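No lab work stands behind these numbers, since they all come straight from the coordinates. Treat the numbers as computed from the prediction; the structure is a model and nothing was measured. Virtual Cβ from ideal backbone geometry, glycine too; neighbours counted across all protein chains shown.
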Amino acid sequence: RAKELGRNTYQFFTREMSQEIQRRVDLEIKLRGAASAGQLQLAYQPKVSLKDGCISGCEALLRWHHPELGVVSPGQFIPIAEDSGLIVPIGDWVLRTACMQARAWMDAGLPPLCVAVNISVRQFLQQDVVAWVARTLQETGLPPAWLELELTESLIAEDIEQVTATTNQLKSMGVKLSIDDFGTGYSSLSYLKRFRVDTLKIDQSFVRNMLSDIEDETIVLAVISLAHNLKFRVIAEGVETEQHCRFLQLNGCDEIQGYYFSKPVTAAELEAMLRDGRQLPLRLDSAERR
Ligand code: C2E
Ligand code: MG
Ligand code: MG
Ligand code: MG
């Protein structure tokens, strides 16, 4: 009996596992044709300065609208794109589209806006990543200073010499670099001395509970001071409430990004915000700041 039960349990798990594999294979096949079928889109989420409340930049976030599946979230398909290598052609589409959009905003006479693009480890380790970025900037006519690449701490697990050389070349080109989801990796902090990045992005998991959880609060404050002591800027992601915003402003965080100001929106919607001069209402004058 025990044997039977054991066998059934075993079969149950393998069925679940094979369904999961089937699901991934199926998604991968659909994803393969997504770019050419026009199913990919970028959403743009504004980043806002806590100094003056103005929109200081935006992050391009990939959206996949499949005719049968509906909207598939990046959390579901980015890992599949990474494992299958599809992230390379898809990432090329993302970078090109984001740069073209930023250039179009410049041409429309809007205040220059730095557009941030997420780059997976797999993309960053391509042989010609520097040439790829340079070529895309040149072909779209976007000045390098208006492009930011969001990298993750998982790069530290890779060939550190190669990663350092690549970040240095991108920096000398004038491109901005940031570390996304900062604090969630398992890296040592010493890499911060070698990677010449501009900005640390405090992960939203710390921001979410920083007003009720003393550990999260401590981490957020520590990252702000670490960033500033190393002469980096610091932005908090996942800022959802006025209280979040106020706390971060009081503690000297430079920028915020999150639903409190705006969810990711279409290019047209972001353009309308820029034209309207939409700002974050900041209640504090600078004298109140610590
Ligand atoms: P991320 O780069 O850390 O992006 C921030 C995520 O937080 C986005 O989720 C955004 O919609 C969400 N978010 C923004 N504000 C708030 C808020 O106030 N509250 C909450 N709860 N969430 C908020 P999204 O768009 O689902 O993207 C998830 C992840 O997928 C991204 O995390 C990024 O790692 C990856 N991703 C998205 N687009 C691309 C891409 O073009 N290339 C690559 N390689 N990765 C991408
Ligand atoms: Mg990001
Ligand atoms: Mg993030
Ligand atoms: Mg993330």
In whole angstrom, the spacing between the Cα centers of segment 214-290 and segment 149-168 equals 26 Å
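Would you calculate, for the chain, the mean residue ellipticity at 222 nm contributed by helices, counting each DSSP H stretch of 4 or more residues as -39,500 (n - 2.57) and dividing by all residues, to the nearest 500? All intermediate terms of the calculation are to be shown ahead of the outcome.
Working: 11 runs with 137 residues, N = 290.
Per the formula, -15000 deg cm²/dmol.
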Across 5 Å bins beginning at 0, the whole-percent shares of Cα-Cα pair distances in segment 54-207 come to 2, 8, 17, 22, 20, 17, 9, 4, 1, 0
The simple spin-label model distance between Val265 and Ala222, using points 7 Å out along Cα→Cβ, in nm, is 3.7 nm
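Compute the FRET efficiency between Asn209 and Arg23 as 1/(1 + (r/R0)^6), taking r as their Cβ-Cβ distance and R0 = 30 Å, and round to the nearest 0.05.
Details: r = 32 Å, r/R0 = 1.06.
Calculated value: 0.40.
Would you mind putting 157-163, 18-24 in packing order, based on average other-beta-carbon counts within 10 Å, highest first? Mind showing how you got there, number by number?
Working: 157-163: 13.0, 18-24: 11.1.
Packing proxy ranking, top to bottom: 157-163, 18-24.
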Scattering profile of the chain from the Debye formula, Cα beads only, expressed as log10 I(q)/I(0) at q = 0.07, 0.09, 0.13 Å⁻¹, is -0.30, -0.49, -0.97
In Å, the Kirkwood hydrodynamic radius from C-alpha pairs for segment 104-178 sits at 13.1 Å
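If each residue of separation counts as 0.36 nm, what is the full-extension length gain between Leu230 and Asn168 once their alpha-carbon separation is subtracted?
Details: separation 62, 0.36 × 62 = 22.32 nm, distance 1.67 nm.
That works out to 20.6 nm of additional length.
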Taking a straight Cα-to-Cα line shorter than 24 Å from Lys47, and setting aside same-chain lysines fewer than 8 residues away, one finds Lys171, Lys176, Lys201, Lys231, Lys263
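Mind pulling up the Rg/Rh value for segment 199-261? Radius of gyration and Kirkwood radius, both on Cα. Intermediate values should be presented prior to the final figure.
Values: Rg = 10.3 Å, Rh = 11.2 Å.
In segment 199-261, Rg relative to Rh is 0.92.
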hull vol. (C-alpha, convex hull) per residue for segment 132-290, Å³ -> 139 Å³
